[in-house]
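Okay, structure first, notes after.
Laboratory data are not the source of any read-out in this text; all were calculated from the coordinates shown. Because the structure is a prediction, the values reported are computed rather than measured. Every residue, glycine among them, receives a Cβ derived from its backbone with ideal geometry; neighbour counts consider all protein chains shown.
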């Protein structure tokens, strides 16, 4: 089966249209994710029209909230902050100031271990 290539710009445009289409449900979705007992949060760089952005995700076992922001900062991490439960995050320092339990994703440590599958 032929593979379809999708550019980062196409994904960004689709996410922006989806956010506009969802309207108030986009904020409601974030509230539901934040109120879950456990969440997985991550951010990654994202290039759009020759400018750097950050794609942020907060997900539970049955919901996922995404947003594209112009910065990777503690302020964005704070906007995604939950009031209880457990958030699994990577080693990004922006999460360190938040008040919740944050187990690290231990699989990331494998990148530095000689002979690991990730190395």
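The protection proxy used here, the mean number of other Cβ atoms lying within 10 Å of each residue, ranks peptides 66-74, 34-42 as follows, highest first: 34-42, 66-74.
Fewest neighbouring Cβ atoms within 10 Å first, the residues 76, 89 line up as 76, 89. For the pair residue 28 and residue 57, label points projected 7 Å from Cα toward Cβ lie 2.4 nm apart.
With the gyration tensor restricted to C-alpha atoms of region 8-112, the semi-axes of the equivalent ellipsoid amount to 22, 19, 12 Å, longest first. Once the C-beta distance of residue 21 and residue 93 is scaled by a Förster radius of 22 Å, the resulting FRET efficiency is 0.05 to the nearest 0.05. Each residue in 3, 83 was given a count of other beta-carbon atoms within 10 angstrom of its own, and listing them fewest first yields 3, 83. Of the beta bridges DSSP finds with both residues in region 8-112, what % are antiparallel, to the nearest 5? Antiparallel: roughly 75 percent of the beta bridges in region 8-112.
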